[in-house]
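The values are calculated or read from the model by the stated rules, or taken from the named source; none is laboratory data. Since we're looking at a predicted model, the values are computed, not measured. All Cβ positions, even for glycine, are placed from backbone atoms using ideal geometry, and neighbour counts span all protein chains on display.
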């Protein structure tokens, strides 16, 4: 019998598996295929978010020329942005798992039974695996973790292309975090359809990555519409795709409820609702939280414990009350973003990126305490134009439950 069984081998699951493997516990992983199968999505992060972690250089490339565009002049972002080198990160985490003696098994989780001191997982092909605790890191719609139902889930959606173009879509060495300009759309489209933005970067060697993104919307903006908008946006600037090396399609929920934090299974990554509700980023948080969660589990499993007790230790470490309060404040902000019209959205982000550097960077990296986060949101409110303030007040009035949850740390 294993101490831990981790379901899933994406960045989040592997980050926690690697951290658990370093504790001396006997860890197994369950994945449908080869755990070394390449991760195909593009994962970005602000480079300073990893400064506190004992990681090799897993970021490549980096950009110091970072910008955002709204209806006014270019907004220069004084912060280094980077992409994860998926192969380097995956190889590092797999190496940590191997050094800890982790045992990878292939299969799909189909069911689970719990007893006083362990859980027994049943795979789709009839195999059973027993462990003192099962961790479900199988994604946003997990195999085993229970989560309350939610109507009208908001999704981030994106359609992107890595390739060569007839002309540079961004200037040399530039990273465009978001370009909400919409001159390529008709007035009717801008008035009636969800706003989307360009996320783009110069990868060097005449290669670029361009992606049309819907930050959050319910129901999700279709990938076909995003593809059309990307092509129209580029054509508006006289840019056309010449050679596509990789096409990326992303669709994931932004505001799923927290799972049941009393269940005898621990979730991680998307299965634990770890997506940042303000940005959609998750990999950095999964890497930063892994050691803390692993230590809490290891301490509990050092003595006799039930799956409920072991899972509770993990849930408490992953979602302490301050983190839940912050998440609820972020969810309130997300509701506001989805209610803005185009002019309000432009005004909001222009104000946001002109906040003091520690405020907007801490907001996006989820490093602010609850009082600091509340102060940042208040300062944004006082600095924003009147139409944005009115919309924020309206959203708070329409969503009093979120504000109450932020004050009480209720899930």
Quiz item: Within the group 23, 42, which residue is part of a loop (DSSP other than H, G, I, E, B), closer than 19 Å to residue 170 by Cα and either modelled with pLDDT of 95 or more or touching a strand residue (DSSP E or B) at 6+ places or on another chain (Cβ under 7 Å) (or both)?
Solution: 42
Practice problem: Mind counting the residues in the stretch 191-241 that are in contact (Cβ under 8 Å) with a residue 60 or more places away in the chain, buried (at least 17 other Cβ atoms within 10 Å of the Cβ) and part of a loop (DSSP other than H, G, I, E, B)? | Solution: 4
Quiz item: Which fully enclosed strands (runs of 3 or more DSSP E) of the stretch 82-188 have 3 or more residues being under 19 Å from the mean Cα position of the chain (by Cα) and over 30 Å from residue 302 (Cα atoms)?
Solution: 155-165, 174-179
Quiz item: Restricting to the stretch 263-276, what's the tally of residues that are touching a helix residue (DSSP H, G or I) at 6+ places or on another chain (Cβ under 6 Å) and surrounded by fewer than 24 Cβ atoms within 10 Å (Cβ to Cβ)?
Solution: 1
Quiz item: Just checking, how many residues over the stretch 317-340 are touching a helix residue (DSSP H, G or I) at 6+ places or on another chain (Cβ under 8 Å) and free of Cβ contacts under 8 Å to residues at least 40 places away in the same chain?
Solution: 1
Quiz item: Among the residues of the stretch 253-261, is any buried (at least 20 other Cβ atoms within 10 Å of the Cβ) and in a helix (DSSP H, G or I)?
Solution: no
Quiz item: Only one of (1) in contact (Cβ under 8 Å) with a residue 40 or more places away in the chain; (2) more than 21 Å from residue 180 (Cα to Cα); (3) surrounded by fewer than 18 Cβ atoms within 10 Å (Cβ to Cβ) is not met by residue 78, so which one is it?
Solution: (2)
Exercise. Determine whether residue 178 is farther than 19 Å from residue 278 by Cα, surrounded by 18 or more Cβ atoms within 10 Å (Cβ to Cβ) and in contact (Cβ under 8 Å) with a residue 60 or more places away in the chain.
Key: no
Quiz item: Does any residue of the stretch 376-397 turn out to be at positive phi, outside the structural domain of residue 284 (by TED's automatic domain parsing) and touching a helix residue (DSSP H, G or I) at 6+ places or on another chain (Cβ under 9 Å)?
Solution: no
Exercise. Evaluate the stretch 382-392: report whether one residue or more is within 21 Å of residue 76 (Cβ to Cβ) and under 24 Å from the mean Cα position of the chain (by Cα).
Key: no
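Can you tell me which of 13, 33 is surrounded by fewer than 17 Cβ atoms within 10 Å (Cβ to Cβ), touching a strand residue (DSSP E or B) at 6+ places or on another chain (Cβ under 8 Å), in contact (Cβ under 8 Å) with a residue 40 or more places away in the chain and in the same structural domain as residue 123 (by TED's automatic domain parsing)?
33
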Quiz prompt | Residue, nearest to residue 278 (Cα to Cα), within the stretch 370-404, restricted to residues that are surrounded by 14 or more Cβ atoms within 10 Å (Cβ to Cβ) and free of Cβ contacts under 8 Å to residues at least 24 places away in the same chain | solution = 376
